[in-house]
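Here the structure is laid out as structure tokens; the discussion comes afterwards.
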Amino acid sequence: MTIMACKCLWVFSLASVVSAGAFSNPPSDAVDSVNPLIGNGGDTPNGSGGMIPSTAPPFAMTRWVAQTRQNYVSVPPYNYTDTAIHGFQGTHQPAIWMGESGQAVVVPGAGTVRDKFEERGMRFDHANEVLTPSYYDVEMDAIDGGSIFAEQSATSRVGHLRFTYKNTSTPYVLVQASRASTIGSADPSNVTYPHGTVTVDPSRREICGSNPERQDFIIQPVSTPATNWSGYFCARFDQPFASWGVAQNGTLTKDAIKGDGALLSAWATFEATTVDVRVGVSFISVEQARKNLDTEIPDGTSLEATAHKTRTAWAEKLDRIQIKGASDADKQTFYTAFFHTLQYPYEQDEDGEYYSGYDDAVHVGPSYTGYSNWDTYRAEWAWLILFAPERVPGMITSMLNDYKEGGWLPMWKNIVETNIMVATHADSLVAQAALAGITGFDIETAYEAVRKDGTVPPQNDNSTVYADREEGVDYEVRAGLSSVYEYSGFVANDVHSESGSRTLDYSYDDWAIAKLAAHLNKSADAVFFENRSLTTAFSLFNAETGFMEARNKDGTWAGQDEGWTEGDMWAYTFDVVHDVPGLAERRGGNASFVKFLDEHFDGGHNDHTNEPSHHIPYLYSMVGAASKSQERVRAIAKSDYNNTVNGLSGNEDCGQMSAWYLFSALGFYPVDPVSLEYVVGTPFFDKITIDFPGVKRPLVITSPGGPRKPYVKSLSLNGNAVSVPVITHADFASGGKLDFVMSATPEAWASSTLVEMSQKRRSAERVEL
């Protein structure tokens, strides 16, 4: 069965539900074009894109998904190649490279109660599966005979499930509290056994409890307490319990109403053949989980009403972009990418409060988690500023709360900091938002926090390697800031891991701090950080080889394969996005730089599966070869994105992979995010109409023939000719018209030297001492 056939199936299935009068389903071609299976990685064991076909509203605290395998680092809970469903999981795993935290699992069954994962799997066929962002259903073969029809929807903190038992023996539902937890990705046998709790309350028709699993605890900074953290749940059923009990690793204790320990679950049986269950989830307490349940899906709410509410939330976002000239497959790819970009960071606060693992206390205010800043600062954050601006102040305030409670802005927060990846790209996020006019957060505290990133080294900076996922260390932040970087302009490869990438990333973060300092009229800081960013950016450039290379503490070259984070010298030599003119000059000028880019692509060095390469195709446009950018962008879009389970060539990384495609489809991309300048590429469709939140007029992008003609012949903005392949945030964020004239052959448009223009502009803007 093809993915397209599956797509037709779920549209038809939902339509039949609507026609039966079950609920009023708001029309949305955009939502109906989402294919949640895209990027699930059917041909690879762990999922190439790492995305799961989950149901939940945008930025939901908990995403609900059919569980086909036990998830841990690098393994999501659903994989298209699997043939059995073992339950339905409320997951908090934000990306496959991260661990699960406080999951909740609900397992329907019939006959003998089975609590062990390996014994409870029920076979299913994708032909009997319906997938949408707001509703999921599947028909499963019950182990003891008959079948179970499962339906699922969710709000942010509450899962809503309904099980219909067909020709089965005694129906039951099991709620899992704890399991064997795999720690790390290299060795699946490396497990711990978290101790959960369960309480069965037949009078309330509830099974509640806690699950302290947090697979990334081994890499949190050692000064982070988080000792009282747990995921809490409260499942409430619409049917009375016929019997109940507690299960622990295959041992069933009937009539038990409490349990604690490892491998723990509780169950209830029913006389009814249709059972509705709502599962409130919390990071604060069972009482808060129950309150979330009552608030988000009160008693008497039908599953259809929950699905309608969640579908409406998605339609409010996805319907903001209307496309003409796209095939059904292109629409699936585009709107699924949009769906992916609006999932993270996800809500961590509940009813105005949140648990903080940074000081092990509950606070008042907004909180988000799932910050993959090393990935998302490139384009995903710019997408959120445009399409979810109402969320951005809370997301920044959340980071500032983390700073106040833990001492630092997050690098990769998964409930608490994990020290994964390198650099302090929260600096870029804060600066970009402020420069884009986002308010509603404490700007002075924000500047204090980013300035600390750029001036205060981590503990034991001269002696700690800070290797990837290194255990037993404190906050990593800018490792190497004091050892060499502050004085010589680079992080030493014989002192710190990933030193080359750190050096270049720190250089960009300095650039972001400089931009924010200038915005706040902190002139001395602006000069310091700008000068340091432009100097350190080239401290690794080896003029003899023409490549960036890591250096040792004594200044010697460490070797071309040393010091890189998820990339190599090819990718990182192009990683000076804030000074492309300087980079091109060092490579012999524009014409030479174009040849270098050709060598990069033609030699097979571009690796779009990882983020350091995402901006590179747009660099042609910045050195007078815009038509080559257009060629490369179209080629990457075709080779790395499609509407199949392998529709993402690399890990989604909390939306960045999709954000590249979305911006590219619109026709521009934020090469240097904090500059608020977007390099023009090649729009993919005939016409795109965008209704930005809070903006009175739409942005209309016309490019007749765009699907067949990749080259730009001319461009006008609100009727004015654009000769330089760059537009600014201010040019389009308030709406207007971008009119492209497209061509089937390369054109001379934008062949003037943008590098020279950038040099003149930068000289004019430069803050003088």
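We did not get these values from a lab; they are worked out from the coordinates using the rules stated. Just so we're clear, the structure is a prediction, and the values are computed from it rather than from any experiment. When we count neighbours, we look across all protein chains shown, and the Cβ atoms used for this are built from the backbone with ideal geometry, even at glycine.
With respect to the cross-link table entries LYS696/LYS737; LYS116/LYS258; LYS413/LYS522; LYS515/LYS737; LYS309/LYS737, which display a Cα-Cα separation exceeding 24 Å? Among LYS696/LYS737; LYS116/LYS258; LYS413/LYS522; LYS515/LYS737; LYS309/LYS737, the Cα-Cα distance tops 24 Å for LYS413/LYS522; LYS515/LYS737; LYS309/LYS737. Amide H contacts under 5 Å for VAL671: VAL679, restricted to partners 5 or more places along the chain or on a different chain, H placed in the peptide plane at 1.01 Å from N.
Each distinct pair of alpha carbons in the stretch 178-233 adds a 1/r term; the inverse of their mean, the Kirkwood radius, is 13.1 Å. For the stretch 349-490, the convex hull drawn through the C-alpha positions has a volume of 111 cubic angstrom per residue.
Mean residue ellipticity, 222 nm, helices only, the chain: the sum of -39500 (n - 2.57) across DSSP H runs of n ≥ 4, divided by residue count and rounded to 500, is -8500 deg cm²/dmol. Residue-wise HN-Hα couplings along the stretch 157-163, as the Karplus relation 6.51 cos²θ - 1.76 cosθ + 1.60 with θ = phi - 60° gives them from phi, are 10, 9, x, 10, 10, 9, 10 Hz; Gly and Pro carry x.
Positive contributions from Lys and Arg (+1) and negative ones from Asp and Glu (-1), summed over other residues with Cβ under 10 Å from the Cβ of ILE96, come out at -2.
One decimal place: the segment SER169-TYR193 gains 5.4 nm when fully extended, by the rule 0.36 nm per residue minus the C-alpha distance. Net charge dipole, the chain: roughly 1820 debye, given to the nearest 20, about the Cα centre with Cβ charges of +1 for Lys and Arg and -1 for Asp and Glu.
Helix 392-406 against the longest principal axis of the chain: what's the angle in degrees, Cα atoms only, rounded to the nearest 10? The answer is roughly 80 degrees. Once phi is turned into θ = phi - 60°, what whole-Hz ³J(HN,Hα) does the Karplus curve with 6.51, -1.76 and 1.60 give for every residue of the stretch 212-225, x standing for Gly and Pro? Values per residue, Gly and Pro as x: x, 4, 8, 5, 8, 4, 6, 10, 6, x, 5, 8, 8, x Hz. Legend: P(r) of the stretch 79-150 from all alpha carbon pair distances, 10 Å bins from 0, whole percents, reading 17, 47, 31, 4. Contact order normalised by length for the stretch 617-678, with contacts defined as Cα pairs under 8 Å and 6 or more residues apart; what percent is it? Reported relative contact order: 19 percent.
Note: the stretch 318-385, Cα convex hull, 119 Å³ per residue. Among residues other than SER356 with Cβ under 9 Å from its Cβ, the summed charge is -4 (Lys and Arg +1, Asp and Glu -1).
In this structure the amide hydrogen of GLU562, modeled in the peptide plane, comes within under 5 Å of the amide hydrogens of ALA550, none closer than 5 places in sequence on its chain.
Sorting 483-493, 58-68 by average packing, meaning the other beta carbons within 10 Å per residue, from highest down gives 58-68, 483-493. Neighbours of THR83 by Cβ distance under 12 Å: Lys/Arg scored +1, Asp/Glu scored -1, total -2. Distance from the C-alpha centroid of the stretch 571-614 to that of the stretch 246-321: 50 Å, rounded to the whole angstrom.
If you take the Cα centroid of the stretch 102-156 and the Cα centroid of the stretch 629-643, the two points sit 37 Å apart. Here's the thing: no lysines lie within a cross-link span of LYS166, going by alpha-carbon distance under 22 Å and ignoring same-chain residues fewer than 8 apart. Computed from the Kirkwood radius of its Cα pairs, the Stokes-Einstein diffusion coefficient for the chain at 25 °C and 0.890 mPa s stands at 91 µm²/s.
Treating each Cα of the stretch 535-655 as one equal point scatterer and applying the Debye formula with no solvent, the log10 of I(q)/I(0) at q = 0.10, 0.12 Å⁻¹ comes out as -0.33, -0.47. Relative to the longest principal axis of the Cα atoms of the chain, the long axis of helix 328-341 lies at roughly 90 degrees.
Starting from the Cα of LYS595, draw a straight line to each of the lysines and keep only those under 30 Å, dropping any in the same chain fewer than 8 residues away. Of all the lysines, those that pass the test against LYS595 - Cα under 30 Å, at least 8 places apart if same chain - are LYS628, LYS638, LYS709, LYS713, LYS760.
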